[in-house]
Amino acid sequence: MLLQKAALRRMDMRFLILPPVVLVVTAIVMVLLNQYVPLAQLWESPYRWSGIVVLLIGLGIAQWHARLFHRLETNIDTFGEPGSLTRQGLFAVTRNPMYLGFIIALTGLAVCLGSLAPFLATLCFALLVNFWYIPVEERNMQRKFGQVYLDYKAEVRRWL
């Protein structure tokens with residue numbers, strides 16, 4: 001019984017640190033920072049609307065590749081066992097199109113908000129992705145796919 005409760009707690013905590021959850025939390029923090037600690041207004045309203053386009057492009061990229069994973073029946077869980085290695089879609093030019101989409105979306109939100117503080121939150125999210133999520137995934141990919149993954153890694157850049 002205690003082991004089951006501990007396992008459930010671990011699963012709950014793991015859910016809280018999954019990238020989509022952290023993405024939503026970052027977006028909320030960005031809005032709050034913009035409201036209460038904007039630091040500096042970067043541009044006025046007419047230009048801020050262009051951020052919606054950037055935000056939608058980012059979400060579209062992330063969703064496109066999440067659907068690709070679903071179609072390929074591969075695991076999308078950052079901390080789970082990788083299901084397959086693909087070069088389809090933007091995986092041909094970046095090893096992390098979903099994260100790239102998330103960062104583009106947050107950048108679009110920061111443009112919409114129009115102040116400096118949201119960009120700092122976007123930077124924090126990008127650093128978290130680059131130095132924590134991606135290394136975990138890359139270790140799992142290398143462990144499962146070995147030289148095939150190392151060849152892919154040598155041919156395709158992490159970002160662009």
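The values are calculated or read from the model by the stated rules, or taken from the named source; none is laboratory data. Just so it is clear, the model here is predicted, and its values are computed rather than measured. As a convention, Cβ positions derive from the backbone with ideal geometry for all residues, glycine included, and neighbour counts pool all protein chains shown.
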Go through the residues of the range 23-36 one by one and say whether even a single one is surrounded by 13 or more Cβ atoms within 10 Å (Cβ to Cβ) and on the phi > 0 side of the Ramachandran plot.
-> no
Has the range 24-34 got at least one residue that is touching a Phe, Trp or Tyr at 6+ places or on another chain (Cβ under 8 Å) and farther than 15 Å from residue 124 by Cα?
-> no
Picked from the range 17-45 (must be at pLDDT 95 or above and of a type in the set (S, T, N, Q)), the residue farthest from the chain's Cα centre (by Cα) is 35
Kindly state which helices (runs of 4 or more DSSP H) lie completely within the range 105-160 and contain at least 2 residues that are over 24 Å from residue 83 (Cβ atoms).
-> 116-128
Search the range 145-160 for residues that are within 16 Å of residue 89 (Cα to Cα) and pair each with any residue that is in a loop (DSSP other than H, G, I, E, B) when their beta-carbon atoms are under 6 Å apart and the residues are at least 6 apart or on different chains.
-> 156/95; 158/95; 159/94; 160/94
Listed by first then second residue, the pairs whose first member lies in the range 96-107 and is over 22 Å from residue 48 (Cβ atoms), whose partner is among the hydroxyl-bearing types (Ser, Thr, Tyr) and not in a helix (DSSP H, G or I), with beta carbons under 7 Å and at least 6 positions apart or on separate chains, are 100/94
Look through 116, 127, 100, 90 and report the one residue that is modelled with pLDDT of 95 or more and loosely packed, with under 15 Cβ neighbours inside 10 Å.
-> 127
Any pair with Cβ under 7 angstrom, 6 or more apart, that starts in the range 55-81 at a residue that is closer than 21 Å to residue 138 by Cα and ends at one that is assigned to a loop (DSSP other than H, G, I, E, B) and small (Gly, Ala, Ser) | 72/84; 73/83; 74/83; 74/84; 75/83
